[in-house]
Structures are given as structure tokens and as C-alpha cells.
1. Is there any pair linking a residue in the range 47-74 that is assigned to a helix (DSSP H, G or I) to one that is modelled with pLDDT of 85 or more and open to solvent by 90 Å² or more (accessible area, probe 1.4 Å), with Cβ under 9 Å and at least six apart or on different chains, and which?
2. Filter the range 47-74 down to the residues that are in contact with a strand residue (DSSP E or B) (Cβ under 8 Å, 6 or more places away or on another chain) and modelled with pLDDT under 90, then identify the one that is surrounded by the fewest Cβ atoms within 10 Å (Cβ to Cβ).
3. What is the residue count in the range 19-40 for residues that are charged (D, E, K, R) and either crowded, with 20+ Cβ neighbours inside 10 Å or over 13 Å from Arg62 (Cα atoms) (or both)?
4. If Gly16 satisfies every condition in (1) modelled with pLDDT of 90 or more; (2) open to solvent by 30 Å² or more (accessible area, probe 1.4 Å); (3) within 20 Å of Gly2 (Cβ to Cβ) but one, which is the exception?
5. If Phe11 satisfies all but one of (1) open to solvent by 30 Å² or more (accessible area, probe 1.4 Å); (2) part of a helix (DSSP H, G or I); (3) in contact (Cβ under 8 Å) with a residue 24 or more places away in the chain, what's the number of the condition it fails?
Amino acid sequence: MGSVTMSAEKFANLTGLDMEDWGLDETTQSVTVFADGTANALDARGGCIADLAAGNAVSRSRVVNAYLAACEDA
């Protein structure tokens with residue numbers, strides 16, 4: 001399964017929601033987005049601090065779209 005890591009701010013921008021809507025704040029260093037529509041928020045050491053989009057079809061769709069947009073940028 002493919003994945004892309006990006007800043008939390010870029011993740012929020014690509015999903016069309018605010019960081020706070022995802023439960024992200026200044027402690028979130030980056031977000032790893034997976035092709036299946038799941039994502040993990042990571043702290044500065046790379047540790048997972050939140051599992052995003054689990055079980056929510058609308059959120060999962062936003063994450064897939066963010067993944068696809070990030071892949072196009074690469």
C-alpha cells in the first residue's frame with residue numbers, strides 16, 4: 001500500500017478542512033497518508049499520535065483525495 005508523508009498544514013489544505021477539524025494542533029509534526037484512505041498524525045520523533053479517518057466514509061474520501069493530490073505533486 002502506498003503512502004505519502006506531508007506537513008499537517010498541507011494535509012489539512014488538501015482535505016479542505018482546518019487542522020482542528022482533524023484534531024491536529026501544533027504538536028503534530030506531519031501526517032502520513034495511505035492510499036486506502038487512512039492517515040496517521042506523527043509527532044516530532046515520528047511517533048503516531050492519532051489515527052485519522054478510521055471508519056468514516058467522508059473523511060476517508062478526503063484522505064484518498066489528499067493522497068492522490070500529493071502523488072501528483074511528487
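1. Ala66/Asn13
2. Step one: filter the range 47-74 for residues in contact with a strand residue (DSSP E or B) (Cβ under 8 Å, 6 or more places away or on another chain), giving 48-53, 59, 63, 66-67, 70-71, 74.
Pick out the ones that are also modelled with pLDDT under 90 and you get 48-53, 59, 74.
Numbers: Cys48: 10, Ile49: 16, Ala50: 16, Asp51: 11, Leu52: 22, Ala53: 23, Ser59: 19, Ala74: 6.
That would be Ala74.
3. 3
4. (3)
5. Unmet for Phe11, out of (1) open to solvent by 30 Å² or more (accessible area, probe 1.4 Å); (2) part of a helix (DSSP H, G or I); (3) in contact (Cβ under 8 Å) with a residue 24 or more places away in the chain: (1).
The values are calculated or read from the model by the stated rules, or taken from the named source; none is laboratory data. Computed from a predicted structure; not experimentally measured. So basically every Cβ, Gly included, is an ideal-geometry build from the backbone, and we count neighbours across all protein chains shown. Ligands, DNA and RNA are excluded from the accessible area calculation, which covers all protein heavy atoms including side chains. Shrake-Rupley method; radii C 1.70, N 1.55, O 1.52, S 1.80 Å.
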